[in-house]
Amino acid sequence: ISKMANGICDNVIVATYLSARCPVFFAPAMDLDMWVHPATLQNVSKLTSYGNHLIPVGHGELASGLVGAGRMAEPENIVAYVNDFFEKEETPIKEKNILITAGPTYEDIDPVRYLGNRSSGKMGICIAEEAAIRGANVTLILGPTHLKVQHPKIKVISVRSAENMYQAANQHFKKNDVTIMAAAVADYRPKEIATQKVKKVEGNLKIELERTKDIAAELGRQKRKNQVNVGFALETNNELENAQKKLSKKNFDFIVLNSLQDKGAGFQHDTNKVTFVDSDNNRTEFELKSKKAVAADILDKVESYFI
Ligand code: CTP
C-alpha cells in the first residue's frame, strides 16, 4: 500500500499497478494497530484519492492472535464487491427472472454407486454469473459439482437426480421470464434403487434402466408467449439436423449447439465453440471462446427478445 501510494516501483505488482488504466481495487490485510497508524491511514486515503477502490477490511481474529479490524475481506466479499461495481446500470434483462439448469445428474444404483456423466456445470454457472452481473434475478438449479458459484445474488438449488431437477425446475418455471437449460440430464435411471450395496455375483450383472422425464420438453409444453426457453445440444454427428429437431421438439426459442468434434468444446474445458439456431432458423456460428465469453453471447441473444 505504501509503495503504491508513493509510486515506489521496485516489484512487478507496483509496476503493474502504475501502468494500469483499468479500475483498481485494493483489499488490505494487516494487524489492528498497523491499520490505524497515521502512516497507513494517509496511504490508504492517498490511494483512494487517486481513484482506486478500497475494499474494506474485515473484523475478527488476526494473524497475531489479536482480535480487531484488519482482516482481509473474505474472497467471496471481494468478488461481490467487484461484481457490484461492474453490474451494468440498465440492461434489457435487469430485474428479469432467469432460471438456469446446470451440471450433471446422478442416478443412484445403490447407496454407494450411481450413473453420472462428465458435465462439470461450468457453462451453466458462467451463464448464471453473467446474468446476475447484468442485474437479473437468477435461480440456478445445479447438479452435483465441485465448482463454487461466486455471485452472492444467485439463488442456488442443489439437486442430485434428474427427478430432483425436474421437480425443482417445474416448481420455479412459472415465475421466470427466461429459462436456460444447460444441464446434462441423465436420460435413463436404474428402475430400482437397491437399498443395500449390490454384492458381486458370478457372471454379468444387468441393471434395468427406465427413462427419466425430459425437463426441457415438459417446460416447453408449459411455456407462455412471453417466456423465452433456451436449450443446449451436445452432438457428435449430424449436429445441425439434430439441434433443429431438438429445437422444435422441446419448443426452444433458440438452441446452443456444441459439437464434441470441435477441439476445446464441451465437457471439462474452459472454452466452448457454439452455434445458435433459433426458431426462425437464423444461424450464428461463433469462434472458440472462453465459456465466460460464450455466456455473454448467449445473454446478448436472450436480451434481444426483450428490446
Ligand atoms: N434436457 C432436459 N431433460 C432431459 C434431457 C435433456 O432438460 N431429461 C435438456 C438439456 O438440458 C438440453 C436439451 O434438453 O438443454 C438437449 O439435451 P440433450 O442431452 O442434447 O438431448 P436429449 O433430448 O437427451 O437427446 P439425445 O441424448 O438423444 O441426444
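The values are calculated or read from the model by the stated rules, or taken from the named source; none is laboratory data. These figures come from a predicted structure and were not determined experimentally. Glycine also receives a Cβ, built like all others from the backbone with ideal geometry; neighbour counts cover every protein chain displayed. Side chains are part of the model used for accessible areas, which takes the heavy atoms of the whole protein and leaves out ligands, DNA and RNA. Shrake-Rupley method; radii C 1.70, N 1.55, O 1.52, S 1.80 Å.
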message: Let me make sure I get this right: for the stretch 65-189, a, b and c are the square roots of the gyration tensor eigenvalues over alpha carbons, sorted descending. Under 1.5 in a/c it's rounded, otherwise prolate if a/b > b/c, else oblate. Which is it?
response: oblate
- request: Step through the table entries LYS273/LYS301; LYS153/LYS250; LYS175/LYS301; LYS3/LYS122, compare each Cα-Cα distance with 27 Å, and write down the pairs that go over it.
  value: LYS153/LYS250; LYS3/LYS122
- prompt: If the cut-off is 19 Å between C-alpha atoms, which lysines fall inside it for LYS197, apart from same-chain ones fewer than 8 positions away?
  reply: LYS206
- prompt: Between the stretch 80-141 and the stretch 163-225, what is the C-alpha centre distance in whole Å?
  reply: 18
task: Please compute the net charge surrounding LEU240, taking Lys and Arg as +1 and Asp and Glu as -1 over other residues with Cβ under 12 Å from its Cβ.
output: -1
query: With all protein chains present, how much of the accessible area of the chain (probe radius 1.4 Å) comes from carbon and sulfur, to the nearest whole percent?
result: 51
field: the chain, relative contact order in percent, only Cα pairs under 8 angstrom and at least six apart counted
entry: 14
message: Can you sort LYS94, LYS225 by solvent-accessible area, 1.4 Å probe, largest first?
response: LYS225, LYS94
- request: May I ask you to list the aspartates and glutamates whose Cα is less than 17 Å away from that of LYS94, ignoring any residue fewer than eight positions away on the same chain?
  value: ASP84, GLU129, GLU130, ASP177, ASP297, ASP300, GLU303
message: Could you check the spin-label model distance between ASN77 and HIS37? Points 7 Å from the Cα along Cα→Cβ, value in nm.
response: 2.3
field: In the stretch 1-92, the trypsin sites (Lys or Arg not before Pro) that fall in loop regions by DSSP, at most 14 other Cβ within 10 Å
entry: ARG21, LYS88
- prompt: For the stretch 3-70, with every protein chain kept in place, what is the accessible area per residue (1.4 Å probe, Å²)?
  reply: 61
message: Restricting to Cα pairs below 8 Å that are 6+ residues apart, what does the relative contact order work out to for the stretch 109-197? Please round to a whole percent.
response: 38
- line: With DSSP loop assignment and no more than 10 other C-beta atoms within 10 Å, the GluC sites (Glu not before Pro) in the stretch 88-134 are GLU89, GLU90, GLU95
- line: For the stretch 1-84, shape from the Cα gyration tensor axes a ≥ b ≥ c, cut at a/c of 1.5 then a/b versus b/c, turns out oblate
Residue of GLY231, GLY70, GLY135 that the Gaussian network model of the chain assigns the largest fluctuation, springs spanning Cα pairs under 10 Å: GLY70
message: Once you place label points 7 Å from the Cα toward the Cβ at HIS53 and SER279, how far apart are they in nm?
response: 3.8
- request: Return the long-range amide H neighbours of ILE141 (sequence gap of 5 or more, or a different chain), with a cut-off of under 5 Å between placed amide H atoms.
  value: ILE100, THR101, ALA102, ILE157
field: Where trypsin sites (Lys or Arg not before Pro) fall in DSSP loop in the stretch 248-280, at most 14 other Cβ within 10 Å
entry: LYS263
- request: Enumerate the calculated ³J(HN,Hα) couplings along the stretch 49-65 in order (Karplus 6.51 cos²θ - 1.76 cosθ + 1.60, θ = phi - 60°), each rounded to whole Hz, writing x wherever the residue is Gly or Pro.
  value: 5, 7, x, 6, 10, 7, 8, x, 6, x, 10, x, 6, 10, 4, 6, x
